[in-house]
Ligand code: NAD
């Protein structure tokens, strides 16, 4: 298959926080991959802007090191590193002061797309937005990209939206959720809306339940201070799991256009029922030999914040009434795995007799560690011995059919940055979506705080607390095994 990399328009991209962890691990190595693929124009400029005192040469060396460490196979296979580094510039800047802004203006060109990536804490979003305007760096066509967390509750998200809206139109604001940049997430929409096969079955009449699991093997690491103010609900469910739920549950949009897609996602969030407290299980990882417990990691022996959460959620609309969605996410779990599973109902009548047990079609969409889709179908077990049935997975990753390019897909961040330059907001969260997600999340958090709910301890390297397994067992269902 012939590669279809379409170069984007010429651009200047300013990365506020260009020396930070996210810039070094994801944004800059991602841009290098787009440069090597030919998608980034050779004249495009990337300008790091952060507090550290550094010049262009120092920044280029930092990026060279970052690409060596995080650039994957491109770091060794692409021989265009020097050309890429030549496109990099640096300005020492203080988001809260006036130093560095005129120097930044001097490094930017006119007549090209201007994008500003706010890879800094949300406390600086308002300052940056305001200074971009007062220093005349942004015009009506400029874009700003903002990182998570977008608020910690409805009130703070509204305040952030208001701050940004003072200086930028909604059409210029790109709220990143990198889960939406994953190839498989887009493939999910292609499978749902590009085939006749699935959509007629995509409802409570045929779907028994849906599971969404995002499991990590790592603990909170050095982010303990931040994490203990957040927890799994705010850090993962309100954004990533909610976005996946929206894509799975939404009605077909009239076209694949930013507002048509986001209007449908918003309807899903607004249709979410409040969750009964018996349908929420929160957990904290326990100490394991010389490995810290969650409370040790966050240095708060009385912390009631969850490092794991599982919940059963319902949507009040025609399509999904009666079909539960089970969500779970946690740290220090058995394997690193993000998976959406659609479990279809049993065939209405088994002509093969009760002995053949239960066979169900299961569509499983893996986002991490490897992206892919499988559909379990029931067939006859080969060989003699009568009509015995077996479930086999149909692999729908199509890597073989599509050739090597199917395996060399852009990482989520690089894809999303190219979408920013193209001016395509489809895979970014709109302000009203984020607010609706917090409006659903806030009462749940307030509920367990009012109940003084204590998270259940769970073993590191496990599937989470026993109660999370019971959440499904009680309904005669079980979680998919977490496999890395
Ligand atoms: P970091 O602490 O490693 O880097 C912060 C950057 O901001 C540095 O470059 C620093 O110089 C700059 N900075 C801080 N104060 C500044 C100021 N007053 N003026 C100008 N520059 C200033 O943080 P990070 O891990 O890179 O995270 C950046 C943002 O991305 C945060 O909002 C974080 O929540 C979000 N995020 C990070 C990750 C990740 O993997 N690191 C993942 C998702 C979201």
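Is there a residue in the range 42-60 that is more than 30 Å from residue 98 (Cα to Cα) and either at pLDDT below 95 or within 16 Å of the ligand (Cβ to nearest atom) (or both)? Within the range 42-60, one or more residues are more than 30 Å from residue 98 (Cα to Cα) and either at pLDDT below 95 or within 16 Å of the ligand (Cβ to nearest atom) (or both).
For residue 147, the requirement of being out of contact with any helix residue (DSSP H, G or I) (no Cβ under 6 Å at 6 or more places or on another chain) and over 25 Å from residue 8 (Cβ atoms) is not met.
Among the candidates 198, 168, which residue alone is outside the structural domain of residue 292 (by TED's automatic domain parsing), in contact with a strand residue (DSSP E or B) (Cβ under 8 Å, 6 or more places away or on another chain) and more than 16 Å from the ligand (Cβ to nearest atom)?
It is 168.
Within the range 86-94, is there a residue that is closer than 25 Å to residue 412 by Cβ and either more than 10 Å from the ligand (Cβ to nearest atom) or at pLDDT 95 or above (or both)? Within the range 86-94, one or more residues are closer than 25 Å to residue 412 by Cβ and either more than 10 Å from the ligand (Cβ to nearest atom) or at pLDDT 95 or above (or both).
Among the residues that make up the range 136-154, is at least one of them modelled with pLDDT of 95 or more, in a helix (DSSP H, G or I) and not assigned by TED's automatic domain parsing to the domain that holds residue 438? Within the range 136-154, one or more residues are modelled with pLDDT of 95 or more, in a helix (DSSP H, G or I) and not assigned by TED's automatic domain parsing to the domain that holds residue 438. Of all residues in the range 268-290, those satisfying the criterion of being surrounded by 22 or more Cβ atoms within 10 Å (Cβ to Cβ) and either within 21 Å of residue 230 (Cα to Cα) or modelled with pLDDT under 95 (or both) are 269, 280, 281, 282, 283, 284, 285.
If you check residue 206 against the conditions, is it under 28 Å from residue 130 (Cβ atoms), in contact with a helix residue (DSSP H, G or I) (Cβ under 9 Å, 6 or more places away or on another chain) and surrounded by fewer than 22 Cβ atoms within 10 Å (Cβ to Cβ)?
Values: under 28 Å from residue 130 (Cβ atoms): no; in contact with a helix residue (DSSP H, G or I) (Cβ under 9 Å, 6 or more places away or on another chain): yes; surrounded by fewer than 22 Cβ atoms within 10 Å (Cβ to Cβ): yes.
Taking the combined requirement at face value, the residue does not satisfy it.
Counting only strands (runs of 3 or more DSSP E) that sit wholly inside the range 299-404, those with at least 3 residues that are touching a residue at least 60 places away in the same chain (Cβ under 8 Å) are 308-313, 325-330, 337-344, 362-368.
Please tell me if residue 63 is assigned by TED's automatic domain parsing to the domain that holds residue 109, away from the ligand (no atom under 11 Å from the Cβ) and either in contact with a strand residue (DSSP E or B) (Cβ under 9 Å, 6 or more places away or on another chain) or not in a helix (DSSP H, G or I) (or both).
Details: assigned by TED's automatic domain parsing to the domain that holds residue 109: yes; away from the ligand (no atom under 11 Å from the Cβ): yes; either in contact with a strand residue (DSSP E or B) (Cβ under 9 Å, 6 or more places away or on another chain) or not in a helix (DSSP H, G or I) (or both): yes.
Yes.
For the condition in the same structural domain as residue 290 (by TED's automatic domain parsing) and either under 20 Å from the mean Cα position of the chain (by Cα) or loosely packed, with under 14 Cβ neighbours inside 10 Å (or both), what is the one hit in 447, 484, 461? Walk me through it before giving the result.
Working: 447 fails: either under 20 Å from the mean Cα position of the chain (by Cα) or loosely packed, with under 14 Cβ neighbours inside 10 Å (or both); 484 fails: in the same structural domain as residue 290 (by TED's automatic domain parsing).
That would be 461, the only listed residue that is in the same structural domain as residue 290 (by TED's automatic domain parsing) and either under 20 Å from the mean Cα position of the chain (by Cα) or loosely packed, with under 14 Cβ neighbours inside 10 Å (or both).
Taking the range 328-369 as the range and being crowded, with 21+ Cβ neighbours inside 10 Å and either more than 32 Å from the chain's Cα centre (by Cα) or not assigned by TED's automatic domain parsing to the domain that holds residue 187 (or both) as the test, no residue passes.
Taken over the range 100-114, residues that are in contact with a strand residue (DSSP E or B) (Cβ under 7 Å, 6 or more places away or on another chain) and within 16 Å of the ligand (Cβ to nearest atom) amount to 4.
When the range 115-138 is filtered for residues that are surrounded by 16 or more Cβ atoms within 10 Å (Cβ to Cβ) and more than 15 Å from the ligand (Cβ to nearest atom), the ones remaining, listed by number, are 115, 138.
Based on what the data block shows, is residue 27 outside the structural domain of residue 138 (by TED's automatic domain parsing) and either within 13 Å of the ligand (Cβ to nearest atom) or under 16 Å from residue 414 (Cα atoms) (or both)? Even if it seems obvious, please write down each step before you answer.
Details: outside the structural domain of residue 138 (by TED's automatic domain parsing): no; either within 13 Å of the ligand (Cβ to nearest atom) or under 16 Å from residue 414 (Cα atoms) (or both): yes.
No.
The values are calculated or read from the model by the stated rules, or taken from the named source; none is laboratory data. Source: prediction; values computed, not measured. Here the Cβ is made from the backbone with ideal geometry for all residues, glycine too, and neighbour counts use every protein chain on show.
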